[in-house]
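Step one of this worksheet: look at the structure below.
The values are calculated or read from the model by the stated rules, or taken from the named source; none is laboratory data. The model shown is predicted, which means the values in this text are computed figures rather than measured ones. When we count neighbours, we look across all protein chains shown, and the Cβ atoms used for this are built from the backbone with ideal geometry, even at glycine.
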Amino acid sequence: MEKMIKVLLVVAFLLTTASSALAETEKKASKDEKGLYLGANFLVPVNPVLMDYNGGTRVQTLWGLGLEGSIGYSFETKTNKVSPRIELAASFSDIAIASVTTALSTTELSEFSTKLFLNAYLDLFRYVYIGGGVGVSFTSYNIEDSSTGIDMDVLSTSAFAANVAAGFNFPVSKSVTINLGFRTEFLGSTDLIIGRAHYVSSLGVRYTF
């Protein structure tokens, strides 16, 4: 019985020591990830819109591709469970062409967007983040009509924009973090598009100095 108690005490000591060392390592790693950072993301936006054209026909846009760059700052806190950060992000995306077919013609719409956001995030337990931001979008549209042969840029406009986001952080070193994210961008209406929203998946990397 006495030997069993000694074994249990040794096991408890080893577990406590290992737990303390792991917590200290986690704390140091988390601290290393705080400070000024640069980020780059590959974007895949999906964009359902309502097009006010030839009587207002609903358009289901397919998918597009984009790139995003950001600069931000991650703040150190007393607890590693919640860490705030802010960033300024600029993205460029080319939405895939959507087609609208009527009795008289087929009309194709393409959209190129440049967006600038000021975002705020909360990193939860290092590995999960939530947040959002506000900004502005600059958008140009191209329309091609089969019945008339028209192929031209029909509108360039800017509008208020906002987004909500969530995703996952995967730290790979004290300076490099891989992130996988999902966000919904709410873009103001224009003369051509009503009630725009982009649903964006992103995969990127963040480097902390």
Of (1) surrounded by fewer than 14 Cβ atoms within 10 Å (Cβ to Cβ); (2) modelled with pLDDT of 95 or more; (3) over 20 Å from residue 69 (Cβ atoms), residue 118 fails just (3)
Identify all residues within the stretch 176-205 that are modelled with pLDDT of 90 or more and either of a type in the set (Phe, Trp, Tyr) or assigned to a loop (DSSP other than H, G, I, E, B) (or both); write none if there are none.
-> 182
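So that you can scan it fast, the table gives a plain yes or no per residue for (1) without any contact (Cβ under 8 Å) to a residue 24 or more places away in the chain; (2) on the phi > 0 side of the Ramachandran plot; (3) outside any strand (DSSP E or B); (4) in contact with a strand residue (DSSP E or B) (Cβ under 9 Å, 6 or more places away or on another chain):
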site	(1), (2), (3), (4)
112	no, no, no, yes
119	no, no, no, yes
123	no, no, no, yes
126	no, yes, yes, yes
141	no, no, no, yes
153	yes, no, no, yes
157	no, no, no, yes
If you check residue 127 against the conditions, is it at pLDDT 85 or above and under 14 Å from the mean Cα position of the chain (by Cα)?
-> no
Hey, could you check the stretch 165-188 for residues that are surrounded by 14 or more Cβ atoms within 10 Å (Cβ to Cβ) and under 10 Å from the mean Cα position of the chain (by Cα) and say which is nearest to residue 206 (Cα to Cα)?
-> 179
